[in-house]
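Novice: Supplied in structure tokens, the structure appears directly below.
No lab work stands behind these numbers, since they all come straight from the coordinates. Predicted model only: the values in this text are computed from it and were never measured. Because the Cβ atoms are built from the backbone with ideal geometry, glycine has one as well, and the counts that use them run over all protein chains shown.
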Amino acid sequence: MIKSSDVRGFTLIELVIVIVILGIVAVTAAPRFLDLQHDARKATLAGMKAAMASASEQVYAKSIITGLDRSPSGAVAMNGRLIEVIYGYPKNQYKDVWSELLVGEFGEVPYQDASKYEWMWHNPSPTKDGLYIMPRNFTNKKQNCYVMYRPPTSNTTTNYTLEMVDTGC
């Protein structure tokens with residue numbers, strides 16, 4: 001016969017207390033872990049912004065060497081390809097310009113399925129608007145998750161515009 005003092009285990013109350021404590025820990029820690037996807041998209045977008053800034057500066061350096069830094073149009077050779085420039089900086093067109101400067105899988109908004117590409121690009125009006133680059137599954141600048149590039153508009157403007165909006169990522 002087994003004595004009741006020899007039986008070891010947890011009582012029901014002890015198990016309930018442990019479950020309640022685990023529930024409290026999960027509720028307080030979960031928001032930190034659930035927001036990791038937002039942080040990852042923001043970091044990816046920041047990486048794209050840095051890549052675009054680096055590419056712009058490389059093109060501008062080549063433009064200075066060839067004397068196109070004060071010209072409203074022209075083209076510089078980068079890796080055996082001609083990159084069209086405005087006042088020394090890349091034009092804000094994806095095709096024929098940024099497709100040569102950036103590495104990745106890019107789809108065009110709204111013509112291609114955003115789930116099939118790593119990045120999406122949108123260039124509504126190359127002469128007025130900027131070039132918008134968005135991460136996968138984002139297809140509208142109103143979603144507030146993009147990098148926007150715009151070249152200088154005159155030779156007195158000494159720099160391009162590169163803006164990152166990540167409030168909707």
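Novice: How far is it, in nm, from the label point at SER115 to the one at ALA53 when both lie 7 Å from their Cα along the line to the Cβ?
Specialist: 3.5 nm
Novice: I'd like the orientation of helix 36-66 relative to the chain: the angle between its Cα long axis and the longest Cα principal axis, in ° from 0 to 90, rounded to 10.
Specialist: Once rounded, the angle reads 20 degrees.
Novice: To the nearest 500 deg cm²/dmol, what mean residue ellipticity at 222 nm is calculated for the chain from DSSP H runs of n ≥ 4 alone, each contributing -39,500 (n - 2.57), summed and divided by the residues?
Specialist: About -11500 deg cm²/dmol.
Novice: Continuing with this model, one more query. Percent relative contact order of the chain, based on C-alpha pairs within less than 8 angstrom and at least six residues apart?
Specialist: Dividing the mean separation by the residue count of the chain yields 17 percent.
Novice: Rounded to whole Hz and in sequence order, give me ³J(HN,Hα) for region 75-84 from the Karplus expression 6.51 cos²θ - 1.76 cosθ + 1.60, θ = phi - 60°, writing x for Gly and Pro.
Specialist: 8, 10, 8, 10, 6, x, 10, 8, 10, 6
Novice: If you don't mind, there's one more thing I want to ask. How large is ³J(HN,Hα) for each residue in region 86-97, as worked out from phi by the Karplus curve 6.51 cos²θ - 1.76 cosθ + 1.60 (θ = phi - 60°), to whole Hz, x for Gly and Pro?
Specialist: 10, 6, x, 9, x, 5, 8, 10, 6, 5, 6, 10
Novice: Which value, to two decimals, describes the C-alpha radius of gyration of region 82-153 once divided by 2.2 N^0.38 Å?
Specialist: Region 82-153 yields a ratio of 1.06.
Novice: Working from the alpha-carbon coordinates of region 41-165, get Rg over Rh, Rh being the Kirkwood radius.
Specialist: Reported Rg/Rh (Cα atoms, Kirkwood Rh): 0.96.
Novice: Right, next: As I understand it, the value is the acute angle between the Cα axis of helix 12-34 and the longest principal axis of the Cα atoms of the chain; what does it come to in degrees, rounded to 10?
Specialist: With both axes taken from Cα atoms, the answer is about 0 degrees.
Novice: Another one. Anyone know which of THR66, THR156, THR44 comes out most mobile in the 10 Å Cα GNM of the chain?
Specialist: Maximum fluctuation in the GNM of the chain, among the listed residues, is at THR156.
Novice: Also, quick follow-up: Compute, for region 6-130, the length of the dipole vector about the Cα centre, with Cβ point charges of +1 (Lys, Arg) and -1 (Asp, Glu) only. Units Debye, rounded to 20.
Specialist: 320 debye
Novice: What does the net charge come to around LEU162 if you take all other residues with beta carbon closer than 9 Å to its beta carbon, with K and R at +1 and D and E at -1?
Specialist: Residues near LEU162 contribute +1 overall.
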